[in-house]
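The values are calculated or read from the model by the stated rules, or taken from the named source; none is laboratory data. On a predicted model such as this, the values are computed, not experimentally measured, just so you know. Positions of Cβ are generated from backbone atoms using ideal geometry, with glycine treated the same way; all protein chains shown enter the neighbour counts. Heads up: the accessible areas ignore ligands, DNA and RNA and are worked out on the full protein's heavy atoms, side chains in. Shrake-Rupley method; radii C 1.70, N 1.55, O 1.52, S 1.80 Å.
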Amino acid sequence: MKKILQIIDLHVSFRTYGGSVQAVRGVNVDVYEKETLAIVGESGCGKSVTSQSIMRLLPAYSAQVDQGEIWFRDRNLLSLSEKDMRAIRGVDISMIFQDPMTALNPTLTIGDQLMEAAKVHQKLTKKEVKEAALRMLDLVGIPQPKERLKQYPHQFSGGMRQRLMIAMALICEPKVLIADEPTTALDVTIQAQILELFKEIQRKTGVTIILITHDLGVVAQVADRVAVMYGGKIVETGTRREIFYSPQHPYTKGLLQSVPRLDMKDELIPIEGSPPDLFAPPKGCPYTDRCPSAMKVCDHIMPHETKRSPTHTVHCWLQDERAKQAILSSTQRGSFL
């Protein structure tokens, strides 16, 4: 597969009255054409900050990209001028936000908001823009598109507003679609419909999807590959099957054990403890304070990347051969280093 987007050693911090928050700490992600990559993790792990860095939508007054590169079509997005970046947003890379009601203008009609991007970025006549808008509404499954163009956001249900956001993101035919928690505000029935819509749109358009979510149920339905994020770092990456059936990082295993399933006979096992303090992030593995198998080395040295297969990588000292003996010799923190 051909890479369409590449994030290299991305570091992002936020300036606050309490100090600097190291929200993203050395993220490396490859995204391939026509795939759905899910970036998953609990709140505060840095997944939304990573996605907003791609779009250059971080607040300039508080956020700062300290280091790293984001490559798209042989161009480093982080080095582009704002004018050049505006030409990419919505055209080559589009984004769907979590709450469609806050992203829509209640004083403008659906048609005005849907056609705005096409008017700005594409050299089309008024008739062609309207035809494109009608095609998008039909593509995302909104009935009676001609009548809907004249309506306002408050006249749409939650599911229809999310479908509208998808239509707005796709009207300029982008190559990459970033969906940040697109189903969180929806009930289970509508959520299933939206996820099926994502799969159908990808089949029809070939768009690459980056899905930001904390919901492993969503990941299981739509993702081709999964990047598990914790404490501002990617701790494991693999295909959907590798992550769900052969997880290697203790955090990934903990996430899977804490998700309810229909076939589950035992009680859910929660992950004890709290995420790391990113005002003063740990020197070693960010999961060490919550890991039942933590060793001495985990406290002070960040684990290197280990390849389990061509598609499966993990950052964990348990993959080191020296860890096996340390675990066998102690029920507490092993003697490894």
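Based on the Cβ-Cβ distance of Thr205 and Ile301, what FRET efficiency does E = 1/(1 + (r/R0)^6) give at R0 = 41 Å, to the nearest 0.05? Please list the in-between numbers first.
Details: r = 44 Å, r/R0 = 1.08.
So the FRET efficiency works out to roughly 0.40.
For the chain, just the Cα set please: Rg and Dmax, both in angstrom.
Over the chain's Cα set, Rg and Dmax evaluate to 21.5, 74 Å.
Sort region 86-215 into rounded, prolate or oblate with this rule: let a ≥ b ≥ c be the square roots of the eigenvalues of the Cα gyration tensor; rounded if a/c is under 1.5, and if a/c is not under 1.5, prolate when a/b is larger than b/c, oblate otherwise. Walk me through the numbers on the way to the answer.
On the way: a/c = 1.56, a/b = 1.18, b/c = 1.32.
Oblate shape, in that a/c is at least 1.5 and b/c is the bigger or equal ratio.
Only sites in a loop by DSSP and with at most 15 other Cβ atoms within 10 Å count here; which chymotrypsin sites (Phe, Trp or Tyr not before Pro) in region 190-294 make the cut?
Numbers: sites: Phe198, Tyr230, Phe244, Tyr245, Tyr251, Phe279, Tyr287; in loops: Phe279, Tyr287.
Passing both the DSSP loop test and the Cβ count: Phe279.
Could you work out the relative contact order of region 168-281, using alpha carbon pairs under 8 angstrom and six or more residues apart, expressed as a whole percent? Spell out each step's value before the answer.
Values: 97 pairs, mean separation 20.1, N = 114.
It rounds to 18 percent for region 168-281.
Residues with beta-carbon under 10 Å from that of Phe97, excluding Phe97: net charge, scoring Lys, Arg +1 and Asp, Glu -1? Walk me through the numbers on the way to the answer.
On the way: positive: none; negative: Asp99, Asp180, Glu181.
So the environment of Phe97 carries a net charge of -3.
I need the chymotrypsin sites (Phe, Trp or Tyr not before Pro) found in region 30-117, filtered to DSSP loop residues with at most 10 other beta carbons within 10 Å of theirs. Could you put the intermediate results ahead of the total?
On the way: sites: Tyr32, Tyr61, Trp71, Phe72, Phe97; in loops: Tyr61, Phe97.
Counting only loop positions with at most 10 other Cβ atoms within 10 Å, the chymotrypsin sites (Phe, Trp or Tyr not before Pro) in region 30-117 are Tyr61.
With the chain treated as a Gaussian network of Cα nodes joined by springs under 10 Å, which of Ser79, Ser293, Ser53 yields the largest mean-square fluctuation?
In the Gaussian network model the winner is Ser79.
Please report how far the C-alpha centroid of region 96-118 lies from that of region 167-211, rounded to the nearest whole angstrom.
Between the Cα centres of region 96-118 and region 167-211 lies a distance of 16 Å.
In debye, nearest 20, what is the charge dipole magnitude of region 157-243 about its Cα centre with +1 on Lys and Arg Cβ and -1 on Asp and Glu Cβ, if you could check? Walk me through the numbers on the way to the answer.
Working: 10 positive and 10 negative charges, 46 e Å.
Roughly 220 debye for region 157-243.
Report, for the chain, the % of DSSP beta bridges that are antiparallel, rounded to 5. Don't skip to the end; give the middle numbers.
Values: 33 of 53 bridges.
Here the share of antiparallel DSSP bridges comes out near 60 percent.
Could you work out how far apart the two model spin labels at Asp99 and Lys83 are, taking each label as a point 7 Å from the Cα in the direction of the beta carbon, and quote it in nm?
A separation of 3.6 nm, rounded to one decimal place.
Percent of accessible area on the chain owned by carbon and sulfur, 1.4 Å probe? If you can, show how the numbers build up before the last one.
Values: 8830 of 17130 Å².
So the carbon and sulfur contribution to the accessible surface is 52 percent.
Would you work out which of Pro59, Phe72, Val120 lies farthest towards the positive end of the dipole of region 35-132, given +1 charges on the beta-carbon of Lys and Arg and -1 on that of Asp and Glu, about the Cα centre?
About the Cα centre, the residue reaching furthest to the positive side is Val120.
Convert each backbone phi in region 144-149 into a coupling constant with the Karplus relation 6.51 cos²θ - 1.76 cosθ + 1.60 (shift: θ = phi - 60°), then list the ³J(HN,Hα) values in order as whole Hz, x for Gly and Pro.
In residue order, the calculated couplings are 6, x, 4, 5, 5, 4 Hz.
Let me know the charge dipole size of region 31-105 about its Cα centre in debye, to the nearest 20, where only the beta-carbon of Lys, Arg (+1) and Asp, Glu (-1) is charged. Present the calculation step by step, with values, prior to reporting the outcome.
Values: 8 positive and 10 negative charges, 42 e Å.
In total the dipole reaches around 200 debye.
With springs only between Cα atoms under 10 Å, which of Val120, Val91, Val228 fluctuates most in a Gaussian network model of the chain?
Its mean-square fluctuation being the largest, the pick is Val120.
As an exercise, identify the trypsin sites (Lys or Arg not before Pro) in region 192-234 lying in DSSP coil whose Cβ has no more than 11 other Cβ atoms within 10 Å. Kindly include the intermediate steps, with their values, before the conclusion.
Details: sites: Lys199, Arg203, Lys204, Arg225, Lys233; in loops: none.
Listed in order of number, the matching sites amount to none.
Normalised by the residues of region 78-205, what does the relative contact order come to in percent, with Cα pairs under 8 Å and at least six apart?
Values: 147 pairs, mean separation 50.8, N = 128.
Relative contact order, region 78-205: 40 percent.
Below 8 Å, C-alpha to C-alpha, sequence gap of six or more: please give me the relative contact order for the chain in percent. Intermediate values should be presented prior to the final figure.
Values: 596 pairs, mean separation 63.7, N = 337.
Dividing the mean separation by the residue count of the chain yields 19 percent.
Report, in whole Å, the centroid distance computed from the Cα atoms of region 1-45 and region 220-291.
16 Å
Does region 1-108 come out rounded, prolate or oblate, given a ≥ b ≥ c as the square roots of the eigenvalues of its C-alpha gyration tensor, rounded meaning a/c under 1.5 and, failing that, prolate meaning a/b above b/c?
Details: a/c = 1.34, a/b = 1.04, b/c = 1.28.
Cα axes put region 1-108 in the rounded bin.
Just Thr50, Thr189, Thr288 to compare: in a GNM of the chain, with alpha carbon springs under 10 Å, which one fluctuates most?
Thr189
For the chain, with every protein chain kept in place, what is the accessible area per residue (1.4 Å probe, Å²)?
Details: 17130 Å² over 337 residues.
Dividing the accessible area of the chain by its residue count gives 51 Å².
For Gly68, what charge total do you get from the other residues with a beta carbon under 15 Å from its beta carbon, if Lys and Arg give +1 and Asp and Glu give -1?
Values: positive: Arg25, Arg56, Arg75, Lys233; negative: Asp9, Asp30, Asp66, Glu69.
Within the 15 Å Cβ shell, the charges total 0.
Please give the charge dipole size of region 199-258, origin at the Cα centre, charges +1 on K and R Cβ atoms and -1 on D and E Cβ atoms. Round to the nearest 20 debye.
Details: 8 positive and 5 negative charges, 27 e Å.
So the dipole magnitude of region 199-258 works out to roughly 120 debye.
Measure up Lys3/Lys175; Lys204/Lys307; Lys3/Lys47; Lys126/Lys204; Lys126/Lys146 against 23 Å on the Cα-Cα distance and list the ones that go over.
From Lys3/Lys175; Lys204/Lys307; Lys3/Lys47; Lys126/Lys204; Lys126/Lys146, over 23 Å: Lys204/Lys307; Lys126/Lys204.
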